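Colleague: Let me begin by handing over the structure; questions about it come next.
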Amino acid sequence: SDDNDVSRWLDYLLASFSQVDPTISDTASQLVGRGVDSEAVERTLIALVRSIAARPREIVLVLDDLHSLTDAASRWTLQWLLDQAPRNLHFVLVCRGAPPVSLSRLRAQQSVFELGFRDLRFSQGETEAFLKSKLDAIDRRTAQRLYELTDGWVAGLQLLSIGWSRKRDLQNTKFVSRGQIQDEQSFTDYFEHEILSKLSKAEYALLEAASICNRFCASLCAALLGKAEDSDRIGSLLASLVTQNVFIIPVETSDRETWYRFHPLLGETMRARLRQRPEVQRLQYHRAAWFWFRDHGYVDEAVRHALSANEAPAAAELLDQYGQDLLARGQFRNMNSLVRQLPEQEIQSRVNLRLWMARSQLLARELDACAESLQRLGADLPADDASAQFALALVKATLAVASDDTDAAMRVLPQMLHPPADADPAAIGGRDNILSWLYMHRADYELARRIQLTAPATRADGVPLLGSPGGRLQGRCLVGLSYALEGQIIEAERIYRDVLYESEQRGTSCIDPACLAAALLGEALYELNDPSAALQLLEDRVDVLERVSIPDSVLRVLSVLSASHWLAGRRQEALAYLDRLEDYAVGLKLDRLVAHSLGEQVRRHLEQSEFEAAKRKLATLEEIGQKHPKSGSHLGDEIFTIVARAQVRFDVAVGRYEAAAARLGPLIEVCEARGHQQIVAMLRLQNALVAKRRGMLDEAGKATLAALRLGHRLGLVRSLLDADTSALDLIRWYGDELGFDVLLSFYVERLGDAEASAQTAAPAPRNDGAESRTAVLESLSDRELDVIRLLSQAFPNKKIARALGLSPDTVKWHLKNIYGKLGVAGRDDAVSRMRDLGWNADGPAPSTS
């Protein structure tokens with residue numbers, strides 16, 4: 001069926017949980033449309049089970065007709081859910097035969113209760129009670145006869161009771177004397193002889209036509225039968241069939257018109273009969289359904305029926321014309337599924353569909369494939385097709401942003417400056433946001449803001465564009481970022497908070513600006529010395545942020561999480577986030593982000609006096625610097641800055657102050673030219689430190705004063721305190737000379753207070769009783785204990801995943817559960833807590849099954 005597809009299956013799965021509580025599926029729904037590969041699907045499932053686990057109540061997921069789930073990817077998702085389900089999630093699986101998933105592990109854990117046919121059959125007494133509830137009057141002899149015919153099979157009893165109620169004469173039912181009705185085939189045979197054969201010609205024609213649809217209503221059936229004027233009569237006929245218990249079921253919807261669906265066995269029977277009719281009849285029905293769904297705005301169903309009518313060009317034309325409507329409603333996954341059903345030649349003959357395929361590759365992070373698609377499309381487009389050329393330029397620029405390639409985006413800039421008159425409003429909004437992003441990277445912050453503040457409100461069909469990548473909420477975030485890059489952190493923080501609040505009020509339609517605002521706000525909170533608030537904001541969002549955000553945002557998020565954990569004394573957790581950043585960047589071939597991770601790793605190793613480890617990381621970083629020499633390009637200049645800053649830290653750590661001083665002068669000039677005022681303030685303080693250690697006290701004082709004045713003007717805190725482990729000592733040394741400057745003296749006091757508050761107090765010793773310790777240890781699953789055992793050996797996530805045969809995302813999910821059960825915030829705390837509980841880390845080796 002149309003539902004037997006992993007995209008549609010996930011949509012229905014999330015919708016089912018949303019009926020219990022919409023918030024359960026919120027985070028998972030934010031990952032919709034970001035790919036259908038196993039990694040993307042697993043991220044969605046992890047987000048779902050995390051939300052379920054956070055609820056105090058038990059939840060039961062009922063899956064009927066499980067034998068119909070034949071798609072391998074869909075079966076994999078169900079198997080994953082069964083294997084990784086939290087303790088408050090339970091399953092009821094209903095299947096005609098053996099379920100298409102493995103229950104062996106659950107059986108071994110005695111976590112499965114299985115019922116077969118013999119368990120479900122009614123006894124003779126239950127049969128009589130059931131029949132009496134269905135029929136006005138039935139004698140015991142008739143009830144016994146029906147029981148014998150069905151062997152207590154409930155579906156068979158229901159059918160026979162319908163037939164008996166019509167005739168009131170069991171002996172005249174010739175079919176039932178030929179055998180029992182105890183399986184689906186005999187059900188179908190009986191259905192055909194005793195139910196369908198008794199329908200009027202009009203009733204049968206109605207059901208046959210409707211069988212091509214997953215759902216149907218009166219006006220649709222009238223169109224299928226070519227009798228649009230008879231919609232009211234057909235509506236009455238459908239209602240009558242429901243009253244007669246002919247196994248069609250009303251579907252609850254918000255539509256004014258009543259919708260119905262078939263009982264699965266009736267649907268199978270009707271479709272089997274329809275397959276025996278001439279193909280021209282089936283094609284006629286699908287063609288009529290295609291027209292009806294198209295005219296009533298159900299684009300996805302119209303496309304599916306057009307394809308079933310062997311009208312692939314028409315299906316492609318529908319998506320070409322109305323696909324943007326699906327995207328505006330957030331149906332990325334549905335759009336992706338529909339386009340991929342089209343023949344390749346139909347996609348290649350339409351610019352909009354080719355652009356969508358490129359966008360879908362972009363969403364799935366298939367960056368190389370997207371680049372190839374755009375290259376081929378560019379070669380095929382006429383040079384004078386302004387609209388198509390503008391749309392192509394916009395996707396190219398978006399790819400450049402997703403690839404963290406500012407230089408490539410700059411090359412496309414001229415093509416975006418003059419959009420055609422008929423450009424889509426969403427495209428104009430997207431163009432404006434990309435322009436702001438580019439101008440910020442050129443340090444033209446005022447122009448970046450002007451684009452956002454002077455642009456008219458973008459609308460689509462009269463509705464303001466807010467949540468899309470081209471929406472104004474995204475643009476407001478960029479205005480905040482322009483202030484932050486200038487060092488105006490407090491102004492930026494206000495904007496981020498407002499955008500985040502408004503985005504969250506609007507739900508999943510505003511996931512993009514919500515993610516960007518959260519990432520930028522986390523960075524601002526850390527700078528303003530509130531690392532605990534940054535952790536609280538970002539920790540639960542990091543998986544979604546990593547999946548849906550641009551690389552620049554991912555860099556900010558993972559860097560802030562690492563730095564915040566470091567301040568709290570959680571060294572393993574801090575380094576794990578830097579490893580995660582490096583893995584992310586290597587996977588997408590993003591050298592700038594790899595360099596950032598390596599630069600921070602150099603810094604952290606030096607702070608722990610691990611000079612050999614720092615030296616190895618610095619050597620790897622310098623190789624990246626040689627690959628991208630300073631040449632005036634954005635990438636080359638930034639990597640030069642990252643490498644030089646790491647070299648300065650290493651020189652200072654090993655006492656090479658002359659070398660550090662030689663590097664700092666040119667480095668400060670580059671950062672000033674690029675408008676990176678936060679970095680300039682940090683570098684000036686490092687310059688002061690180097691001068692002091694060289695005995696140049698006057699120069700040290702001047703450099704410290706310059707750093708403090710800049711930091712005070714910009715409202716900086718952590719940028720100065722993180723300049724060096726002895727930064728505060730240097731500031732206080734010079735602060736004694738600042739008595740005449742009230743503003744700077746007060747600023748120095750604030751920095752001192754900030755450093756004191758950032759030092760997290762050691763957790764108070766726990767006084768766990770024996771029962772409490774046992775309860776905590778018993779709450780951990782065998783798999784979680786395996787993970788903790790490897791944590792105690794300082795394994796990073798990748799090695800834990802390899803050792804246990806898990807994906808890195810599943811390891812992260814287990815870690816989150818472990819931290820919650822132990823009441824800790826990170827790896828170091830988890831291992832320490834387990835030791836306090838008396839756990840033996842040297843127990844049996846972890847199972848890899």
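Colleague: Report ³J(HN,Hα) in whole Hz for each residue of the stretch 214-219, in order, from the Karplus equation J = 6.51 cos²θ - 1.76 cosθ + 1.60 where θ = phi - 60°; Gly and Pro get x.
Modeller: Calculated HN-Hα couplings, in order: 5, 8, 8, 9, 5, 5 Hz.
Colleague: Right, next: Could you tell me whether the stretch 570-667 comes out rounded, prolate or oblate from its Cα gyration tensor? Rule is a ≥ b ≥ c as square roots of the eigenvalues, rounded for a/c under 1.5, then prolate if a/b exceeds b/c, otherwise oblate.
Modeller: Details: a/c = 2.26, a/b = 1.03, b/c = 2.18.
Oblate, because a/c is 1.5 or more while a/b does not exceed b/c.
Colleague: Angle between the Cα long axis of helix 299-308 and the longest principal axis of the chain, 0 to 90 degrees, nearest 10?
Modeller: Roughly 60 degrees, rounded to the nearest 10.
Colleague: Ranked highest first by average number of other Cβ atoms within 10 Å, how do 72-83, 775-786, 570-581, 372-383 line up?
Modeller: Values: 72-83: 17.2, 775-786: 15.6, 570-581: 21.6, 372-383: 13.4.
The packing order, highest mean first, is 570-581, 72-83, 775-786, 372-383.
Colleague: Moving to a separate point now. Over 24 Å between Cα atoms: which of 617/816; 617/798; 615/816; 630/692; 589/630 fall into that group? Show your work: numbers first, answer last.
Modeller: Numbers: 617/816 29 Å; 617/798 18 Å; 615/816 32 Å; 630/692 30 Å; 589/630 19 Å.
Flagged as over cut-off: 617/816; 615/816; 630/692.
Colleague: Let me know the Rg and Dmax you get for the stretch 425-573 when you use only its Cα atoms, in Å.
Modeller: 15.2, 52
Colleague: Here are several values of Rg/Rh (Cα atoms, Kirkwood Rh): [x] 1.05; [y] 1.01; [z] 0.98. Which one was derived from the coordinates shown?
Modeller: Matching the structure shown: [x].
Colleague: Take the alpha carbon atoms of the stretch 424-441, find their center, do the same for the stretch 292-361, and report the distance between the two centers in whole angstrom.
Modeller: 27 Å
Colleague: With angles folded into 0 to 90 degrees, how steeply does helix 551-567 sit against the dominant principal axis of the chain? Use alpha carbons for both and round to 10.
Modeller: 70 degrees
Colleague: Sticking with this structure for a sec: Can you list residues whose amide H is under 5 Å from residue 61's amide H, if they're 5+ apart or on another chain and H is modeled 1.01 Å from N?
Modeller: Residues meeting the amide H criterion: 90, 91, 92.
Colleague: As an exercise, identify the GluC sites (Glu not before Pro) in the stretch 1-109 lying in DSSP coil whose Cβ has no more than 15 other Cβ atoms within 10 Å.
Modeller: Values: sites: 39, 42, 58; in loops: 58.
Listed in order of number, the matching sites are 58.
Colleague: Helix 697-714 versus the longest principal axis of the chain: what angle, 0 to 90°, nearest 10, using Cα atoms?
Modeller: Taking the Cα atoms of the chain, the angle to 697-714 is about 30 degrees.
No lab work stands behind these numbers, since they all come straight from the coordinates. Everything numeric here is computed off the predicted structure, so don't read it as measured data. Glycine also receives a Cβ, built like all others from the backbone with ideal geometry; neighbour counts cover every protein chain displayed.
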